[in-house]
Amino acid sequence: MASAAEIQDALASLRDAGSGRSLTELGWISEPRLQGARALFRLALPGFAQGQRDRIANEAKAALLALDGIADVQIELAQPSPSAGAAPIGAAGHGVGGPSAGGPGAGGQLPQKQAIPGVKQVIAVSSGKGGVGKSTVAVNLACALAASGLKVGLLDADIYGPNAPTMLGVIDRTPEVRGEGAEQVLTPIESCGIAMVSMGLLIQENQPVIWRGPMLNGIIRQFLYQVEWGQRDVLIVDLPPGTGDAQLTIAQAVPMAGVLIVTTPQQVSLADARRGLAMFLQMGVQVLGVIENMSVFIPPDDATKRYPLFGSGGGQLLAHEAQVPLLAQLPLEMPVREGGDSGIPVVLSAPHTATARAFVALAERLAVPVAA
């Protein structure tokens, strides 16, 4: 059976394509260890080296599976530490992928990001799969931040399934639009203390949006740069589930303070959340932390009881794997659904509930960096 030292030596043989230095020396590979017949290690690549990820993963697996007794290899993706070694700028092999991967074009240059006038910080809310309550988290977090005194905007970037207008009770309102083409300007709808734009405000109820990527990218950029956001301490972006065009457009277009990853405790949600988290790491976007939604169900007839309907510990596991904080564990209560359907989020409609208090605590954890 291979020893921990042999695993360390095998990983130390892997090299950065640009500088030729050992990946363990650079700090990109760390914490090699054994769990029975499984070898594990952490992989934390800086943004400029993300184009090497697949090669490194394949070489590491091949090197470790060649060792005696190793039947499986698990790679834990993590964010690079500030002390991780860096190769010279412009060194060969440091492209971040081609256009098909959402990376820059020829020459490996990252596209220039453009800040939104008047907006201090942008925080995205993402999930690997639908149905985990991502929009509920985005809307209630925005309301909680606004209630704390911040000036907050909400961009509903889920073009195919916009839910924010319903959750904020403005599905029947239409924003004012002035001008034409590139000079067109949209005025956001004000509700529950926040300014919001959404595709749901621009189409008829039940009307499907059947667009290919370029059209979707265009409307998202309009929502970013052709909206009268005014002065905002923070803009919350409610992303669609998955790892598609909307995520790439946001990550490449605008500087972001970071992204929040929403998951439920169950394994199928965690598997998709890992993919989404890995995508943002590959794009060089900071992952602020994990939010575990529907951690427990609190029945309306007995607030002292807790039922883990979707399992337990999943959010903590994901946060540990990625070396990011578990920012909140949000319970599931009847007023959450009622608030979303009625257009008054639970933070405002039922502030006494455990879920509303958890959202307020989450907003407090984020308020210091947001206000900075």
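Give me the number: length gained by fully extending R173 to E31, i.e. 0.36 nm times residue separation minus the C-alpha to C-alpha distance, one decimal in nm.
On the way: separation 142, 0.36 × 142 = 51.12 nm, distance 5.37 nm.
In short, 45.8 nm is gained.
For the chain, what is the calculated [θ] at 222 nm in deg cm²/dmol (nearest 500), taking -39500 (n - 2.57) for each run of four or more DSSP H residues and dividing by its residue count?
For the chain, the value works out to -9500 deg cm²/dmol.
Students often forget the sequence filter, so: which lysines lie under 28 Å Cα-Cα from K113 once same-chain residues fewer than 8 apart are removed?
K129, K134, K151
Need one number: % antiparallel among DSSP beta bridges in the chain, to the nearest 5.
That works out to approximately 25 percent antiparallel.
Are there trypsin sites (Lys or Arg not before Pro) in the stretch 112-170 that DSSP puts in a loop and that have at most 12 other Cβ atoms within 10 Å, and which ones? Mind dumping the intermediate values first?
Working: sites: K113, K120, K129, K134, K151; in loops: K113, K120, K129, K151.
Taking the stretch 112-170 and a limit of 12 other Cβ atoms within 10 Å, the loop trypsin sites (Lys or Arg not before Pro) found are K113.
Given contacts defined as C-alpha pairs under 8 Å and at least six residues apart, what's the relative contact order of the chain, whole-number percent?
Across the chain, relative contact order equals 17 percent.
Using the count of nearby Cβ atoms within 10 Å as a rough guide to exposure, how do E333, E6, E31 rank from fewest to most? Write down the numbers at each step before the final one.
Details: E333 21, E6 18, E31 12.
With the sparsest Cβ surroundings first, the list reads E31, E6, E333.
Once you have the Cα-Cα distance between Q207 and A182, take 0.36 nm times their residue separation minus that, and quote the gain in nm to one decimal. Present the calculation step by step, with values, prior to reporting the outcome.
Values: separation 25, 0.36 × 25 = 9.00 nm, distance 2.51 nm.
Gain in length upon complete extension: 6.5 nm.
Mind checking the stretch 131-214 for GluC sites (Glu not before Pro) that DSSP puts in a loop (not H, G, I, E or B) and that have at most 14 other Cβ atoms within 10 Å?
When the GluC sites (Glu not before Pro) of the stretch 131-214 are filtered for loop state and at most 14 Cβ neighbours within 10 Å, E176, E180, E205 remain.
At most 13 other Cβ atoms within 10 Å and a DSSP loop assignment: could you name the trypsin sites (Lys or Arg not before Pro) in the stretch 185-248 that fit?
Working: sites: R212, R221, R232; in loops: R212.
Sites meeting the loop and neighbour criteria: R212.
Quick one: what do you get for the stretch 113-201 if you divide its Cα Rg by 2.2 N^0.38 Å?
Numbers: Rg = 13.5 Å, N = 89, 2.2 N^0.38 = 12.1 Å.
The reported ratio for this selection is 1.11.
Would you list the P(r) distribution for the stretch 239-372, with all Cα-Cα distances sorted into 10 Å bins from 0 and each bin expressed as a whole %?
Calculated P(r), rounded to whole percents: 12, 37, 37, 13, 1.
Is any residue of the stretch 328-342 close enough, with backbone N under 19 Å, to a label point placed 7 angstrom from the Cα of S312 along the Cα-Cβ axis, and if so, which?
Hits in the stretch 328-342 for S312 at 19 Å: 328-333.
Hey, what's the Cα Rg ratio for the chain versus the globular rule of thumb, 2.2 N^0.38 Å?
Numbers: Rg = 22.0 Å, N = 372, 2.2 N^0.38 = 20.9 Å.
In units of the globular-protein estimate, the chain measures up at 1.06.
Every number here is computed from the coordinates shown, using simple stated rules; none is lab data. In this text the structure is predicted, and so the values were computed from the model without any measurement. Note: ideal-geometry Cβ built from the backbone for every residue, glycine included; neighbour counts use all protein chains shown.
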